[in-house]
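> Encoded as structure tokens, here's the structure I'll be asking about.
Each reported figure results from applying straightforward, stated rules to the coordinates on display, with no laboratory input. For clarity, every value in this text was computed on a predicted model and none was experimentally measured. For neighbour counting, all protein chains shown are included, and Cβ atoms are generated from backbone atoms with ideal geometry for every residue, glycine included.
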Amino acid sequence: MSSSISSALAPLQCREIGAYGDEAGLHAAEVALVGHMKLASGQWQRLDRSIAGQWLLASRAADNAADLERKKQALQRAGVEPLRAQSIKGESEPSWIVQRFDNETAALAAQNQLRAKGLRQVRLVAMRLPAQQTWLRLPALRQDQLRLSHPAWPGGLRPCAAETAPVAAAAASAAASTAP
């Protein structure tokens, strides 16, 4: 069996390209899909995905052994343990991470609760702000298209996320039913 025949008989595969945070990068990728991969418009979909933010409640590390013991006892009385040291971008000394949150409102509420228990040194740190990303999903690529790459496709062609499997199966089924 020739490679072109075996390639034509291979199941179609779903791939994604991204993530894009701006329209210019997204447009360049779509132009490359048409020019480099020879896909017609409509053979891919734009998928918007929200990336959750991340906030920490943190306490600065102690300056000396006595300060360390005092801070540990205050945190333990408030029901906060175990602590984990972590470097925070822009700070020279590591901090103790008290809690992590993917929601700023919940982080602020927890900070207020800890402050009500006498923990004034606990501060809110925004590690990552929420963001919106766009990915391009190509649900029905042939085997020979899977190796293609282009500078406008960061990370290349990645397998579709697990939640997209039904889309790939449906696209493969539709393509098979239109084959001669």
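> Please give the net charge around residue 51, taking every other residue with its beta carbon less than 12 angstrom from that of residue 51, where Lys and Arg add +1 and Asp and Glu add -1.
0
> Which lysines have a Cα less than 16 Å from the Cα of residue 72, not counting those fewer than 8 places away in the same chain?
117
> Here is a further query. In nm, to one decimal, how far is the modelled label at residue 24 from the one at residue 36, with both set 7 Å along Cα→Cβ?
Output for this residue pair reads 1.8 nm.
> List the aspartates and glutamates whose alpha-carbon lies under 15 Å from that of residue 38, not counting same-chain residues fewer than 8 positions away?
30, 144
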